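Encoded as structure tokens, the structure appears first; notes follow it.
The values are calculated or read from the model by the stated rules, or taken from the named source; none is laboratory data. Note that the coordinates shown come from a computational prediction; the quantities given were computed from them, not determined experimentally. Because the Cβ atoms are built from the backbone with ideal geometry, glycine has one as well, and the counts that use them run over all protein chains shown.
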Amino acid sequence: MAELDDDAPLTKQRYRDAMANLAAAVNVVTTDGPAGRAGFTATAVCSVTDEPPTLLVCVRRDSSVGEAFRANGVLCVNTLAPEHKTLSALFGGKTPADERFAAAEWSRASTGAPVLSGALASFDCRVSSVVEVGTHAVLFCEVVSVGDGAPTEGLVYVGRRYDTVCACAS
Ligand SMILES: NC(=O)c1ccc[n+]([C@@H]2O[C@H](COP(=O)([O-])OP(=O)(O)OC[C@H]3O[C@@H](n4cnc5c(N)ncnc54)[C@H](O)[C@@H]3O)[C@@H](O)[C@H]2O)c1
Ligand SMILES: Cc1cc2c(cc1C)N(C[C@H](O)[C@H](O)[C@H](O)COP(=O)(O)O)c1[nH]c(=O)[nH]c(=O)c1N2
């Protein structure tokens, strides 16, 4: 059981160590448009409201991909299945964009954002507002269409490693 320690300084490392205990779905977030095609791995994705359907994505402001998302103003959140572990590492590393996208099959959403074939779910979005908080930009995104695959197993990231969970309806 975790106990709060108010005396120890709250360092970045202690914050990260605690956050590492939160299991999170793994997504590849993609965009395309005048600023070019880009994509990155993200666990900082969350549903905000269903009226209007809105989710948020947090992206590091100093990442090579962040500006493309802001400039294109559209994105697709592709939720990964267990077979996408290698893809997650590719989109989460320093690999050039073309190599990232060459590792999977894609179609195009109505916004123009790339949709991952075999994703557990895909959310095609328009960025409705951006709030900068510290090192990250929080992209609030209105969902314009969704696609979901057959119930299967989901990929989660917890304790700094990947795991598989049942995503089947009980
Ligand atoms: N929100 C994020 O930007 C975020 C989330 C998860 C992982 N990552 C990156 O993926 C790599 C591997 O992460 P890891 O979980 O194995 O180990 P880690 O020790 O770097 O991170 C542990 C946890 O802390 C949080 N975190 C890490 N970096 C963060 C950041 N810059 N801003 C906000 N929260 C952050 C995440 O919840 C992460 O799962 C690292 O480079 C990490 O920075 C970034
Ligand atoms: C499991 C996991 C989860 C996340 C990440 C990584 C991994 C492996 N990364 C980091 C991000 O994917 C990485 O910095 C990319 O490389 C960013 O693209 P550039 O390398 O800057 O092009 C990440 N970055 C971010 O800004 N928000 C996030 O939610 C996450 N989540």
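Conditions first: (1) under 19 Å from residue 26 (Cα atoms); (2) among the aliphatic types (A, V, I, L, M); (3) away from ligand 1 (no atom under 16 Å from the Cβ). Residue 90 passes all but one, so which condition is the exception?
(3)
Of all residues in the range 1-35 being of a type in the set (D, E, K, R) and within 13 Å of ligand 1 (Cβ to nearest atom), which is nearest to residue 116 (Cα to Cα)?
Checking each candidate, the answer is 16.
How many of the residues making up the range 17-39 are under 17 Å from residue 161 (Cα atoms) and within 12 Å of ligand 2 (Cβ to nearest atom)? Give the derivation first.
Within the range 17-39, the subset under 17 Å from residue 161 (Cα atoms) is 17-28.
Then keep just the ones that are within 12 Å of ligand 2 (Cβ to nearest atom); that gives 19-20, 22-28.
Total meeting the criteria: 9.
Name the single residue, out of those in the range 108-132 being in contact (Cβ under 8 Å) with a residue 24 or more places away in the chain and more than 16 Å from the chain's Cα centre (by Cα), that is surrounded by the fewest Cβ atoms within 10 Å (Cβ to Cβ).
132
Would you pick out the residues in the range 26-48 that are free of Cβ contacts under 8 Å to residues at least 60 places away in the same chain, hydroxyl-bearing (Ser, Thr, Tyr) and farther than 13 Å from residue 138 by Cα?
41
Suppose we keep only residues that are away from ligand 2 (no atom under 11 Å from the Cβ) and touching a helix residue (DSSP H, G or I) at 6+ places or on another chain (Cβ under 9 Å) within the range 61-83. Which one would you say is nearest to residue 157 (Cα to Cα)?
Looking at residues that are away from ligand 2 (no atom under 11 Å from the Cβ) and touching a helix residue (DSSP H, G or I) at 6+ places or on another chain (Cβ under 9 Å), I get 78.
Starting from residues that are away from ligand 2 (no atom under 15 Å from the Cβ) and touching a Phe, Trp or Tyr at 6+ places or on another chain (Cβ under 9 Å), keep the ones in the range 145-170 and report whichever is farthest from residue 55 (Cα to Cα).
147
Given the structure, is residue 152 of a type in the set (S, T, N, Q) and modelled with pLDDT under 95?
Numbers: of a type in the set (S, T, N, Q): yes; modelled with pLDDT under 95: yes.
When the stated conditions are applied, residue 152 passes them.
When you go through 95, 86 one by one, which is the residue that is within 30 Å of residue 168 (Cα to Cα), out of contact with any Leu (no Cβ under 7 Å at 6 or more places or on another chain), surrounded by fewer than 17 Cβ atoms within 10 Å (Cβ to Cβ) and of a type in the set (Val, Ile, Thr)?
Of 95, 86, the one residue that is within 30 Å of residue 168 (Cα to Cα), out of contact with any Leu (no Cβ under 7 Å at 6 or more places or on another chain), surrounded by fewer than 17 Cβ atoms within 10 Å (Cβ to Cβ) and of a type in the set (Val, Ile, Thr) is 86.
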